[in-house]
1. What are the residues in the range 9-28 that are touching a Gly at 6+ places or on another chain (Cβ under 9 Å), in contact (Cβ under 8 Å) with a residue 24 or more places away in the chain and either open to solvent by 70 Å² or more (accessible area, probe 1.4 Å) or assigned to a loop (DSSP other than H, G, I, E, B) (or both), if any?
2. Among residues belonging to the range 31-41 that are open to solvent by 50 Å² or more (accessible area, probe 1.4 Å) and out of contact with any Ser or Thr (no Cβ under 9 Å at 6 or more places or on another chain), point out the one that is farthest from Asp70 (Cα to Cα).
3. Looking at Ala38, Ala62, which is the one that is of a type outside the set (Ser, Thr, Tyr), modelled with pLDDT of 90 or more, farther than 15 Å from Lys12 by Cα and out of contact with any Cys (no Cβ under 7 Å at 6 or more places or on another chain)?
4. Filter the range 53-73 down to residues that are open to solvent by less than 30 Å² (accessible area, probe 1.4 Å) and over 18 Å from Ser19 (Cα atoms) and give me whichever is farthest from the chain's Cα centre (by Cα).
Amino acid sequence: MTNNVYSPETKKKLRRSSSDKMVAGVCGGWAKMLGVDAALLRILLVAATIFGIGTPVLIYAACWILMPEDETG
């Protein structure tokens, strides 16, 4: 009996997108990881920045610094 729940092919890694980016590719990377459209995440980020008084900008900047860029494109 083998358990095929974990396999390297299905493991998703959080990386900044090098192809789907407007500023740094953070939203593109998160969108790829979550399986949603990057435009939706960008809209949510702008709305959260307006209503969150700048905190999402700090989170975006932290992701920009900490997330490695995707080499595959």
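1. Leu14, Arg15, Ser17, Ser18, Ser19
2. Of the range 31-41, the ones open to solvent by 50 Å² or more (accessible area, probe 1.4 Å) are 32-37, 40.
Subsequent filtering for residues that are out of contact with any Ser or Thr (no Cβ under 9 Å at 6 or more places or on another chain) retains 33-37, 40.
Numbers: Met33: 12, Leu34: 15, Gly35: 16, Val36: 17, Asp37: 17, Leu40: 20 Å.
Filtering the range 31-41 for residues that are open to solvent by 50 Å² or more (accessible area, probe 1.4 Å) and out of contact with any Ser or Thr (no Cβ under 9 Å at 6 or more places or on another chain), the one farthest from Asp70 (Cα to Cα) comes out as Leu40.
3. Just one listed residue meets the conditions, Ala62.
4. Among those that are open to solvent by less than 30 Å² (accessible area, probe 1.4 Å) and over 18 Å from Ser19 (Cα atoms), it is Gly54.
The values are calculated or read from the model by the stated rules, or taken from the named source; none is laboratory data. Everything numeric here is computed off the predicted structure, so don't read it as measured data. Positions of Cβ are backbone-derived with ideal geometry, glycine not excepted, and every protein chain shown enters the neighbour counts. The accessibility values were calculated without ligands, DNA or RNA, using every heavy atom of the protein model including side chains. Shrake-Rupley method; radii C 1.70, N 1.55, O 1.52, S 1.80 Å.
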